[in-house]
Amino acid sequence: MQRIQLLSPRLANQIAAGEVVERPASVVKELLENSLDAGATKLEVEIEQGGIKLIKIRDNGHGIEKEDLALSLSRHATSKIIELADLESVASLGFRGEALASISSVSRLTLTSRRQDADAAWVVKAEGREMSTQISPSSHPQGTTVEMRDLFFNTPARRKFMRTENTEFKHLDDVLKRMSLSRFDVEFSLSHNGRVIRLLKKAASLREQERRVAAICGPAFVDQSLKVEMQAESSGLSLKGWISLPTFSRSQADLQYFFVNGRMIKDRLVTHALRQAYSDVLFNGRHPAYVLYLELDPALVDVNVHPTKHEVRFRENRLVHDFLFRAIHRVIADERPGFQKAAAQSENQLDTAQPIPQQQGIGLNVPQSAGVNLPVSAYQSPRAATGVLREQAGIYSQLGRGGDAVAQPAPSMPATSSSEIPPLGFAIAQLHGIYILSQNESGLVVVDMHAAHERIVYERLKTSYSREKVRSQPLLVPVSVALSSLEVDCAEEHQQLFSQLGFELERLGEEAIAIRQVPVALAKSDVEQLVRDVLADTLALGNSRKIEESINELLSTMACHGSVRANRQLTIPEMNQLLRDMETTERSGQCNHGRPTWSEMSLSDLDKLFMRGQ
């Protein structure tokens with residue numbers, strides 16, 4: 001073992017570069033963050049050979065003082081924090097002061113800058129050697145230009161890990177896309193090998209912002225997205241952006257952009273909250289798409305938990321998780337035919353200071369739909385539920401056994417003005433015992449009657465269950481579960497929550513608990529694994545919805561069996577009542593399994609199909 005000694009500045013910077021500079025995209029990210037922190041409103045990025053040969057970034061920011069140019073290439077040199085209090089409330093994108101030093105240690109770096117009030121510009125150069133630099137005058141407008149050449153020229157082992165030019169450029173382009181989504185007030189341009197790839201002008205109005213989002217995420221995302229604008233004044237949390245309709249889902253989680261105070265992050269808590277908000281409406285194995293911006297007090301988020309600043313730690317995990325879930329859950333729930341939601345929400349409408357209703361019943365505040373009343377108990381069997389639907393549903397009580405197709409007499413449309421026509425219109429026929437054909441003001445509406453009725457029944461089952469007190473039953477033989485001491489402490493600390501959800505847990509020792517009582521609805525499920533999952537979520541996220549999800553799964557099965565089946569003949573009034581129920585039921589655009597329940601074709605679409613007017 002050798003004696004302890006100080007590392008040379010060059011070696012220390014190269015070690016630090018291993019954390020900060022992973023590939024050319026990492027360099028672009030760090031430099032763009034510095035430019036944005038400097039107040040730049042125009043950024044020009046020029047790339048050669050995927051960024052391995054050249055990365056040149058010019059901005060029109062405040063610039064750097066002549067006396068600070070050499071210091072800017074030193075490690076832990078920054079103008080963004082001064083004392084510990086600043087680190088606990090970081091409002092800038094960069095703050096560690098390692099980016100330029102790390103980049104200059106593994107490349108040939110040239111930094112040119114000019115302040116607005118300066119008589120001339122100055123340039124400083126570094127080429128991966130000791131931190132001695134020379135400053136010379138130069139010609140440059142206000143702002144800063146950073147030119148990096150020959151990345152990893154002095155570290156051949158790192159250079160071998162570089163991918164092909166196209167792969168490296170793709171990663172680099174992804175960084176620019178994320179940055180351009182984070183700042184609509186900044187103009188971005190990207191050139192690769194002398195060819196302009198992207199030119200994104202400033203976006204002030206909502207239409208311009210949507211145009212930029214469409215350029216990054218595709219026009220289909222904007223066309224199939226919902227605008228989100230929620231805030232809770234009591235907690236200082238604000239959420240804006242766009243989320244995709246459940247019908248616009250992805251096979252991979254490749255179209256998900258989430259920003260915290262303008263910083264792009266990928267956080268497990270955020271992903272979990274958004275995934276739960278899309279439960280019951282997303283097709284199995286699919287992923288939602290979103291571009292969301294969360295604003296909160298910088299003191300409530302710790303950005304100093306990852307070398308590349310891709311992850312953050314929220315000081316109030318449960319507060320953030322519940323706010324995100326409630327906000328997205330409400331937007332999705334309100335997306336139904338003809339329902340127009342106000343853009344902004346007041347504190348009274350969405351206030352995370354209030355307790356989350358998840359501790360009562362299954363924790364879903366679903367308003368009773370207008371129209372037919374279906375008093376279906378959550379504890380009835382699917383067969384009993386089906387009987388109630390047929391006997392008590394009134395308008396559905398006359399369901400017959402139709403053939404493959406149903407020929408209805410031509411209905412007389414109600415005498416109403418165009419402003420009084422419902423969003424889903426009025427039924428005119430039933431097709432093959434599966435689809436309802438309806439005419440609205442725009443054109444033709446096709447409804448999958450089983451999928452639509454399944455959603456209506458499911459929402460009413462959830463409402464009925466949430467209104468009743470959770471019924472529990474004791475286990476004849478208590479289930480003993482071996483856990484870690486941390487999990488046992490968590491179970492003991494949240495014993496009241498488990499009790500409200502129908503569980504009775506008892507501590508047996510340092511690393512064991514006994515399950516003595518479970519909800520009636522979950523008596524036949526794997527209660528041991530369920531308790532383990534709930535404790536794991538509670539430790540990681542501050543809360544859990546595993547129990548509610550298990551109950552919802554049971555109710556979903558009941559709704560599927562209790563819904564009107566295919567090849568059932570419906571009368572015109574029955575079909576119209578189903579359409580009216582869809583218009584007043586949350587999430588009626590999708591069935592419980594995420595399939596769409598209705599589709600619309602406008603008259604112009606039909607005219608194009610038959611080449612009318614051409």
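The values are calculated or read from the model by the stated rules, or taken from the named source; none is laboratory data. Quick caveat: nothing in here was measured; it's all calculated off a predicted structure. So basically every Cβ, Gly included, is an ideal-geometry build from the backbone, and we count neighbours across all protein chains shown. Accessible surface is based on the protein model in full, side chains and every heavy atom, while ligands, DNA and RNA are left aside. Shrake-Rupley method; radii C 1.70, N 1.55, O 1.52, S 1.80 Å.
Data for the structure
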| item | result |
| --- | --- |
| Probe 1.4 Å, protein heavy atoms only - accessible area per residue of region 94-222 in square angstrom | 50 Å² |
| Point-to-point label distance, residue 499-residue 565, nm (Cα→Cβ direction, 7 Å offset) | 4.5 nm |
| Whole-percent carbon and sulfur share, accessible surface of region 46-163, 1.4 Å | 47 percent |
| Burial ranking of peptide ranges 320-326, 608-614 (average Cβ count within 10 Å, highest at the top) | 320-326, 608-614 |
| Proximal lysines relative to residue 160, as straight alpha-carbon distance under 23 Å, when same-chain residues fewer than 8 apart are discounted | 29, 53, 56, 170 |
| Built amide H within the under 5 Å cut-off of residue 512, gap 5+ | 483 |
| Stretchable slack from residue 250 to residue 540, in nm (0.36 nm times residue separation minus alpha-carbon distance) | 101.8 nm |
| 32 Å Cα-Cα threshold exceeded, pairs from 80/202; 227/608; 240/608 | 240/608 |
| Cβ-based charge dipole, region 196-307, positive-most Cα from 246, 296, 236 | 246 |
| Whichever aspartates and glutamates have a C-alpha closer than 12 Å to that of residue 309, once near sequence neighbours (fewer than 8 apart) are set aside | 19, 30, 33, 267 |
| Per DSSP, loop chymotrypsin sites (Phe, Trp or Tyr not before Pro) in region 168-200 with at most 12 further Cβ within 10 Å | none |
| Packing rank of 437-448, 238-249, where each peptide gets the mean count of other beta carbons within 10 Å, highest leading | 238-249, 437-448 |
| Other-chain or far-sequence residues with amide H under 5 Å of residue 590's (modelled H) | 597 |
| Average Cα contact separation per residue, region 112-263, under 8 Å, 6 or more apart, as relative contact order % | 12 percent |
| Spacing of the two label points (7 Å from each Cα toward its C-beta) at residue 525 and residue 170, in nm | 4.0 nm |
| Approximate spin-label separation residue 6-residue 178, in nm, with each point projected 7 Å along Cα-to-Cβ | 3.5 nm |
| With eigenvalues of the C-alpha gyration tensor scaled by 5 and rooted, region 208-347, Å | 23, 18, 15 |
| Distant-in-sequence amide H partners of residue 517 (H built 1.01 Å from N, under 5 Å) | 475, 504 |
| Highest to lowest packing among 38-48, 155-165, 114-124, scored as the average C-beta count within 10 Å | 38-48, 114-124, 155-165 |
| Full-extension gain in nm, residue 603 to residue 119, via 0.36 nm per residue minus C-alpha separation | 167.7 nm |
| Within straight-line cross-link reach of residue 462, lysines at Cα separation under 18 Å, skipping those fewer than 8 residues along the same chain | 546 |
| Mean accessible surface per residue for region 1-74, computed with a 1.4 Å probe while every protein chain stays in place, in Å² | 50 Å² |
| Rg/Rg_ref, region 431-477, where Rg_ref = 2.2 N^0.38 Å and atoms are Cα | 1.98 |
| Region 552-614: C-alpha gyration tensor shape, a/c 1.5 cut-off, then a/b vs b/c | prolate |
| GluC sites (Glu not before Pro) within region 67-147, DSSP loop, no more than 16 other Cβ atoms inside 10 Å | 83, 88, 130 |
| Heavy-atom accessible area per residue - region 548-614, 1.4 Å, Å² | 48 Å² |
| Sites residue 516 and residue 160, calculated FRET efficiency, Cβ-Cβ separation with R0 41 Å, nearest 0.05 | 0.10 |
